[in-house]
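All remarks here apply to the structure that follows.
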Amino acid sequence: MSSLEIMKSPRSGLILVRSDGARIEVHPLWLRERCRAKSSYDMSSHQRLVDLSSLPADLAIADCRRLESGDVHVCFSDNHESRYDHAELLAEASRLPTDDCLPQAVAWTVTNRCLPQISLNPEQIQEGLRDVLALFFRHGFVVIRASGLNSPKLTAFAEQFGSVRTTQFGMYIDLETPGSAQQHSGHSPLFSAPHTDFPYRAPIPDVQMLHCLKNEATTEMSTVVDGMAVYQELKARHPAAFRTLTTTPVRFRFTDGHKTLVEWRPHVSIDSNGDFRAIHFSPGFDLAPLLPHPELDAYYNAKRLLVEMLRSPQFLVEFRLNDGDFLILNNRRMLHGGASFSPEEGYVHHQYCYIDLDGPRSVYRALVRCDD
Ligand SMILES: [Fe+2]
């Protein structure tokens, strides 16, 4: 039996005492929420069967003890009895909000820039996908070199990671240069600069999956910028601009004469702790609200600073996609673009589509056998 000790807390809950002496107080309703008794939990659908709000608000732990097996036995004040695996209970009580089994995102700039790229071996495709996704979660993007892949179709490849999200352009976008490039936002002059896609949609398509079918242009390069690194720099060195860019609601708008898609959001989204959530930057589709003149001065100056940062060599990684290569990119975190090149240089053919972020997260958890 492990050295976990348990005791009733003065506030009617439970105290877990870890082997290192740390004491974790557990609320009785929190504990009941995790009850796996047949009357509390359906093991086939993994759903709780009890409405916690139907329990007494002053529910208390009436009794608790360790069983010989090591499990924790708890009797509640409403006479319900529960049994918990002590290791699972301790792990659950020690869990941090960031514990999600996923590799932690690492912001990168010129000082630690890298090109996360990988070749997939068809003989070890599961391990390969795990490594692809680990790079994707850490760096925000990953390049899959074509060697080893049997030229899968884009949407079939994307479906390995999650459901394909249809946009106003269909299941996927076909871009050929010269040819259709100006019709979409991928290769127009404004969009050769770093940008995010679809900030006017709600929800925003999370992950871009791009397939380079042909690249005969000698100088055609792809570029990416880590929006999380830009967020960190703004927050540390330009607090006033940071405040403006995280609080000014921008009207992102797309219309094709039939559909009009509009969403208000700041250029930089943060959570309640001030941590990075997303960056939204798409010149050509953004409109500032009519704020008082001094506030618009602040907004346009902050946006100018943001543009300078996004185009600075400090943040920009440039690489070439060759025939058959795939790019997977987090459209909430990363900005992407392409260096300008002359269509006379040669034929370029890209296809790209979008999936939701929960798809790759789920696939990764399955690959590392994490069902938390
Ligand atoms: Fe784009």
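Nothing in this text is a laboratory measurement; each read-out follows from the coordinates by a stated rule. As the structure is a prediction and not an experimental result, all values here were calculated from the model. Cβ atoms come from the backbone with ideal geometry, glycine included; neighbour counts cover every protein chain shown.
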Two-decimal Rg/Rh of segment 117-367 from alpha-carbon positions, Kirkwood Rh? 0.97
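Residue separation times 0.36 nm, minus the C-alpha to C-alpha distance between LEU4 and ALA202: what's the value?
66.6 nm
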Spin-label pair LYS214/ALA62, simplified geometry with 7 Å Cα→Cβ offset, distance in nm: 7.7 nm
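222 nm [θ] for the chain, helices only, -39500 (n - 2.57) per DSSP H run of 4+, per residue, to 500?
Working: 8 runs with 83 residues, N = 372.
Only helices count here, giving -6500 deg cm²/dmol.
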Quick one: which residues, 5+ away or cross-chain, put their amide H under 5 Å from the amide H of GLN117? H built at 1.01 Å from N. VAL143
Starting from the Cα gyration tensor of segment 5-93, take the square roots of the eigenvalues, sort them a ≥ b ≥ c, and report rounded, prolate or oblate (rounded when a/c is under 1.5, otherwise prolate if a/b is larger than b/c, else oblate). oblate
Bin by bin, in steps of 5 Å, what percent of the Cα pairs in segment 84-137 do you find, going until the bin that has the longest distance? 4, 15, 16, 15, 14, 14, 11, 9, 3, 1
Out of ASN330, ILE24, THR244 - ranked by how far each Cα lies towards the positive end of the dipole of the chain, with unit charges on the beta-carbon of charged residues - the top one is THR244
Find which of TRP108, ASN121, THR177 sits farthest along the positive direction of the dipole of segment 62-179, computed with +1 on the beta-carbon of Lys and Arg, -1 on that of Asp and Glu, about the Cα centre. THR177
Once fully extended, how much extra length lies between GLN47 and ASP131, figured as 0.36 nm per residue of separation less the alpha-carbon to alpha-carbon distance? 27.1 nm
J(HN,Hα) series, segment 78-87, from Karplus relation 6.51 cos²θ - 1.76 cosθ + 1.60, nearest Hz, glycine and proline x: 9, 6, 6, 10, 10, 10, 10, 5, 5, 5
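How high is the relative contact order of the chain, in percent, with contacts defined as C-alpha pairs under 8 Å that are six or more residues apart?
Numbers: 678 pairs, mean separation 84.3, N = 372.
Computed value for the chain: 23 percent relative contact order.
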Amide H proximity to SER282 below 5 Å, modelled H, separation 5+ or other chain, gives THR196
Where labels lie 7 Å past Cα in the beta-carbon direction, separation of TYR300 and VAL368 in nm: 4.7 nm
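Want the number for GLU318 to LYS38: 0.36 nm per residue separation, take away the alpha-carbon distance, what's left?
Details: separation 280, 0.36 × 280 = 100.80 nm, distance 5.61 nm.
The GLU318-LYS38 span can extend by a further 95.2 nm.
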Tell me which residues come under 5 Å, amide H to amide H, from TYR354 once H is placed; ignore anything under 5 positions away on its chain. ARG165, MET209
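Using a Förster radius of 45 Å, what is the FRET efficiency between SER272 and GLU344 based on their Cβ-Cβ separation? Nearest 0.05, please. Don't jump to the answer; show the numbers that get you there.
On the way: r = 52 Å, r/R0 = 1.15.
Using R0 = 45 Å, I get an efficiency of 0.30.
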Could you give the dipole magnitude of the chain about its Cα centre, charging the beta-carbon of Lys and Arg +1 and that of Asp and Glu -1, in debye to the nearest 20? 640 debye
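What is the sum of charges around ALA229, taking Lys and Arg as +1, Asp and Glu as -1, for the other residues whose C-beta is under 10 Å from the C-beta of ALA229?
Values: positive: ARG113, ARG333; negative: ASP226, GLU233.
Residues close to ALA229 contribute a combined charge of 0.
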Label point distance in nm, SER94-GLN168, each placed 7 Å from Cα along Cα→Cβ: 5.1 nm
